[in-house]
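Presented below is the structure to which this report refers.
The values are calculated or read from the model by the stated rules, or taken from the named source; none is laboratory data. What you see is a predicted model; the values in this text were computed from it and never measured. So basically every Cβ, Gly included, is an ideal-geometry build from the backbone, and we count neighbours across all protein chains shown.
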Amino acid sequence: MRTQYCGALNASFIDQEVTLCGWVDRRRDHGGVIFIDLRDRDGIVQVVFDPDAKENFETADKVRSEYVLQVKGRVRARSEATVNPNMPTGEVEVYGLEVTILNSAETTPFPLHDKTVGEEVRLKYRYVDLRRQEMQERLRFRSKVTNSIRNFLDDNGFLDIETPILTRATPEGARDYLVPSRTHEGKFFALPQSPQLFKQLLMVSGFDRYYQIAKCFRDEDLRADRQPEFTQIDIETSFMSDEQIMSVTEQMIRKLFSELKGVELGEFPRMPYAEAMQKYGSDKPDMRIPLELVEIKDLLADIDFKVFAGPANDPKCRVTALKVTGGAAISRKQIDDYTKYVGIYGAKGLAWIKVNEIEKGVEGLQSPIIKFLGDDVTMQVMERTGAQNGDIVFFGADTIKVVTEALGALRCKIGEDLELYTCEWAPLWVVDFPMFEAIEGGVTSLHHPFTAPSCSAQELEQNPLAALSQAYDMVLNGCELGGGSVRIHNQSMQQAVFRVLGIGEEEQREKFGFLLDALQYGAPPHGGLAFGLDRLIMLMTGASSIRDVIAFPKTQTAACVLTDAPGQVDNTQLRELNIRVKKKEVSA
């Protein structure tokens, strides 16, 4: 039905006859001449109809926004005065010879050019929202990204292999979406949180380089960078060290940015997890921000002010300072706002000292807490933080978790508010993660229970919280792009990890028997990494949410307002599944 896309026309097509198909973006009537901006996925071109076109002119006069047209015409150069430098097709226009209305359109629920439309409306009428140029460009870009990734992995000997969507529930850190089985009464499939176990089995099977652009599912609370179903670039290899896996995946991301963004990321630095948490309060630090947390616990141990002295003498707490260069200009209202902000992370307050004239000692400082710290301690803190005139120093004193999270988040918030970014892109590898973290009643895996430790099984069981893992995360601008690890390929080591996690032998066999068996039959050393495709596209396109780079996303309540899902099913289907829905009792 068409010979060219609208957005592909340029001066090389002048004097050629073309057939175009698309939607009416705008229609204008200028003194008997009708101008139609015709839009398709490649862009917009101006089509001109004058009365010489006779019945086609009359047809053109009937069209309205979002009508679907087929247009035949001749490409011609625009006059110098009418060239539109803001359009890729702005040097040319199409003189319309024939027009066919393929379908009419009702007035759309919102104008495509209105950027103030609420997200709920955009998602309800997503098929209209996706016609907007911004959304078309993002999804076209997404296609280019997946194509580039496939080409890179294919060229490097990786095989694209699909793994099951219906599998069994396994503990991977989030709730599973469960699917009742009609043929196995009382039993359930689970939708995969990742292809983790199957890709490990592929390594045991001898497919030493696997990849898949896989759909994954997690029934968890949502936020801007999470969805109940998401897309993962899943990679697994055999006979490669952690450094080799990081090297090949880093090459892939660097090539991607070079090809599609014209950005050379350079070598990615490495940072141990402990350093990231200590200096930046995050395991995914935004290295564009030149601010660091500074430990001052030792300086405050002997003061009388219990707000600081208490945590300073408690091994489960930390006392930390955050110096903000040029931050003395921050107003009291902004400080109050930041105090409320860190309260989200459990902080009970936010102490501060403004530096006006450091050469005058405490007389040149401004803060309500100096009288509690004392002159000597105050100046020691200023010296350790390197505070200079015009700076502000914020303080955190609480449990390690509260201080780390609160000041880490404050660091990023201030970096954004004061536009302190020193570069556009700051990639990083975070390495040497702990194997486990303490929870009430035991420990849990920091990544997942199939991650190989850096120590022996005996050392692991003797002191699990001291054990490091062979795990690595790729971070970009404060976002985790992907996480991976060397996997456990020895049955006795895997069982040791399960024991540390409190998974007994019976539960091991019931949930992971197939994996433990496979590890007995010549499992090679292997490891991998998985990238969040949606998050990667969000970063590369500058979108504020992954919902803006997914064709049909869910809302923050995990609902699809377009199809009104999830929905009810009739009792016949429920009976076939041996399920009865029990309604909640409403208390009086």
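Annotations for the structure displayed:
- For the range 137-151, the condition of being within 29 Å of ILE34 (Cα to Cα), outside any helix (DSSP H, G or I) and not aromatic (Phe, Trp, Tyr) holds for none of the residues.
- For the range 142-159, taking the residues that are under 19 Å from PHE230 (Cβ atoms) and not charged (D, E, K, R), the one that is surrounded by the fewest Cβ atoms within 10 Å (Cβ to Cβ) is identified as SER143.
- Condition met for VAL83 (loosely packed, with under 15 Cβ neighbours inside 10 Å and either of a type in the set (Val, Ile, Thr) or under 22 Å from ARG140 (Cβ atoms) (or both)): yes
- The sole residue among LEU428, LEU465, LEU418, LEU460 that is surrounded by fewer than 19 Cβ atoms within 10 Å (Cβ to Cβ), touching a Pro at 6+ places or on another chain (Cβ under 8 Å) and of a type outside the set (Phe, Trp, Tyr) is LEU465.
- Matching entry among VAL94, VAL63, VAL145 (being at pLDDT 95 or above, out of contact with any Gly (no Cβ under 6 Å at 6 or more places or on another chain) and not assigned by TED's automatic domain parsing to the domain that holds SER544): VAL63
- The range 383-403, residues that are farther than 19 Å from TYR338 by Cα and in a loop (DSSP other than H, G, I, E, B): GLY386, ALA387, GLN388, ASN389
- Test: residue in the range 358-366 that is of a type outside the set (Lys, Arg) and under 36 Å from the mean Cα position of the chain (by Cα): no
- When ALA301, ALA328, ALA321 are screened for being touching a residue at least 24 places away in the same chain (Cβ under 8 Å), under 30 Å from ALA467 (Cα atoms) and either crowded, with 17+ Cβ neighbours inside 10 Å or not acidic (Asp, Glu) (or both), only ALA321 passes.
- Screening THR170 with (1) assigned to a loop (DSSP other than H, G, I, E, B); (2) at pLDDT 95 or above; (3) not aromatic (Phe, Trp, Tyr) gives one miss only, at (2).
- Any chance THR59 is of a type in the set (Val, Ile, Thr), in contact with a Phe, Trp or Tyr (Cβ under 9 Å, 6 or more places away or on another chain) and not in a loop (DSSP other than H, G, I, E, B): yes
- Strands (runs of 3 or more DSSP E) fully within the range 456-550 that include at least 1 residues being of a type in the set (D, E, K, R): 471-476, 479-486.
- Applying the criterion of being in a strand (DSSP E or B) and hydroxyl-bearing (Ser, Thr, Tyr) to the residues of the range 199-235, the residue that is nearest to GLY522 (Cα to Cα) is TYR210.
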